[in-house]
1. Limiting things to C-alpha atoms, what are the Rg and the maximum Cα-Cα separation (Dmax) for the chain, in angstroms?
2. Express the relative contact order of the chain as a whole percentage, based on alpha carbon pairs under 8 Å and six or more residues apart in sequence.
3. Could you list, in their original order, any pairs among LYS11/LYS212; LYS11/LYS83; LYS138/LYS212 whose Cα atoms are separated by more than 25 Å?
4. Considering only ARG103, ARG150, ARG191, give the residue with the highest GNM mean-square fluctuation for the chain, with springs between Cα atoms whenever their separation is below 10 Å.
5. Can you pull out the trypsin sites (Lys or Arg not before Pro) in segment 1-97 whose DSSP state is coil and whose Cβ has at most 14 other Cβ atoms within 10 Å?
Amino acid sequence: MDVNILDYVFKDAGDPPDVGSRDSGPFCQTVVKTGGSPTVKCDSGFMCLYLDTTLENQLACLYQGDNLSLDIDSIKLVDFWVKLASATVPASVSLAFGVASARANDPDSIAAHALFRCYGNGNIFCETDDGTNDNDDKASGMVLGTTLLRCSIDFASGVKTAAPPATCVGGKGNVLFSVANSSGLLRPVCRTTLFDMSNYSDSLQLFAQIQKGAASSVVAADVTATLKIERIRVKLQTG
């Protein structure tokens, strides 16, 4: 079995182009704003998805321009190394990262995806959707903060019991999530949930997004947030 590894390390990366003026490269960005300045830019070795203090709906997204080049049946493992710029995520902010079909402002509206999610207090959740099976916001017991974490999505190792004559099926029929602990060792999470994506047979893209509501009832300092991505790695089966 041959394995192809796509390894994106952002230490010396440039800022991704806007999706409307995309040039060469695997990533682009899109932002939603009215008067503020949310950005996606490379800074100090990280790809930073930043929301500013403006009290408005904002979104900053790093993705592959809806170029769905990752065949779900070829994906073995997807790893994100991520952290936050501040200790927690403000209540008005949410974020998502993983793999997805065509982008939407609301990650729950994306037709097919396997994502890590994070809301107000930094708690990490896992979810998948294949157009039929929809598992939303399953608590991982892990917290995203200012310590760099490796978050992994495994499309190859899971096993799911099946009806005869087959005894079991694996891979996308039981997508597995893991998050590194404080020692850097991957810890399986959400293993009581069957994340079944067996009804999806098309391709996906790498995706990361941070967003907030207008939050007009809170002070500006409580609505700024930055998701920092050091590295994304994908392992693909090629033979």
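Derivation of every value follows stated rules applied to the coordinates shown; laboratory data play no part. Just so you know, these numbers come straight off a predicted model, no measurement behind them. Note that each Cβ is placed from the backbone with ideal geometry, even for glycine, and that neighbours are counted across all protein chains shown.
1. Here Rg and the maximum Cα pair distance are 17.4, 60 Å.
2. 32 percent
3. Too far apart for the 25 Å limit: LYS11/LYS212.
4. ARG191
5. Here the sparse-neighbourhood loop sites are LYS11.
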